[in-house]
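Reading through the structure tokens given below for one structure.
FYI, it's all coordinate maths here, none of it is from the lab. Everything quoted here is computed from the prediction, not taken from an experiment. Positions of Cβ are generated from backbone atoms using ideal geometry, with glycine treated the same way; all protein chains shown enter the neighbour counts.
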Amino acid sequence: MSTKNFRKLLADNSFPRVVTAEIAMTYDGIIGIGSKLLYNIPQDMERFVQNTTGKIVVMGRKTFESMGCKPLKNRFNIVISKSMYPEHKRDTETNTELFVCANIANAINFIEGMSSWKDRQICIIGGSQIYKMFENYIDEWHVTVFENENEQTILDRFGEDIRPDIVRFKPLLQLMNDNNLTVHNVDRMNPNNVKICFADLYRTIEEDMQ
């Protein structure tokens with residue numbers, strides 16, 4: 001599906017046209033080891049919760065399994081998978097929905113009939129293959145960068161045996177160049193001697209929004 005066709009699909013179904021993404025990574029593009037994040041930092045998790053609560057979050061099977069196959073509360077959880085059985089579950093007490101489907105078009109068409117969710121923003125939350133699938137559609141990347149980590153420091157900490165389990169997306173600079181992203185709202189901190197940088201990256205090509 002082309003970028004314009006995807007945006008038309010959103011517009012035709014009354015969805016907000018700005019698509020966001022949440023990602024935590026090193027400068028050289030590493031986002032995890034196996035099914036685990038590089039770090040579990042409270043400030044990072046708080047930012048994730050703030051940026052995704054009440055929204056439609058899109059993820060792949062492996063990301064869903066890393067969460068214990070439990071949908072995030074107060075969100076419409078879309079799991080894109082060709083191997084999982086399609087299903088829809090709802091928990092009205094926690095305002096939580098789960099929809100498993102083979103592609104995003106199926107999910108948008110399904111949500112279109114649900115008045116409580118069709119005006120919510122779509123947020124991509126991983127993993128690597130899902131980021132790649134939606135990269136051309138994402139207008140805002142909310143990035144957490146682990147500034148003192150890279151492939152070599154990770155191997156030094158955990159050993160060469162974990163090399164096959166390293167999960168990569170693409171280096172941050174390449175992500176910015178490929179998608180004409182500019183940096184906004186930078187904030188740095190050093191919890192437990194882990195240097196992290198929060199940054200919002202915005203797409204700058206206006207015609208993509210037309």
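Charged neighbours of N74, selected by a Cβ distance under 12 Å, balance to +1 (K, R count +1; D, E count -1).
Cα-based values for the chain, radius of gyration first and Dmax second, are 17.1, 51 Å. By the beta-carbon count within 10 Å of each Cβ, the least crowded to most crowded order of D12, D161, fewest first, is D161, D12. Rounded to the nearest 5, the antiparallel percentage of DSSP beta bridges internal to region 41-144 is 25%.
Residues with beta-carbon under 14 Å from that of M176, excluding M176: net charge, scoring Lys, Arg +1 and Asp, Glu -1?
Numbers: positive: K170, R203; negative: D28, E135, D139, E140, D178, D200.
Net of charged neighbours comes to -4.
Within the listed set G54, G29, G113, the Gaussian network model of the chain (springs between alpha-carbon atoms below 10 Å) gives the highest mean-square fluctuation for G113. When only Cα pairs below 8 angstrom with a gap of at least 6 residues are kept, the chain shows a relative contact order of 29 percent.
Summing charges over neighbours of N109, with a neighbour being any other residue whose Cβ is under 11 Å away from its Cβ, gives -1 when K and R count +1 and D and E count -1. Note: relative contact order over region 132-210, using C-alpha pairs below 8 Å and six or more positions apart, is 43 percent.
Among E97, E140, E151, sorting on how many other beta-carbon atoms sit within 10 Å of each Cβ, with the fewest leading, yields E151, E140, E97. Residue order for E22, E93, fewest other beta carbons within 10 angstrom first, comes to E93, E22. Within the set K55/K82; K89/K170; K36/K170; K36/K118; K36/K132; K82/K132, which residue pairs have Cα atoms separated by over 25 Å? Exceeds cut-off: K89/K170; K36/K118.
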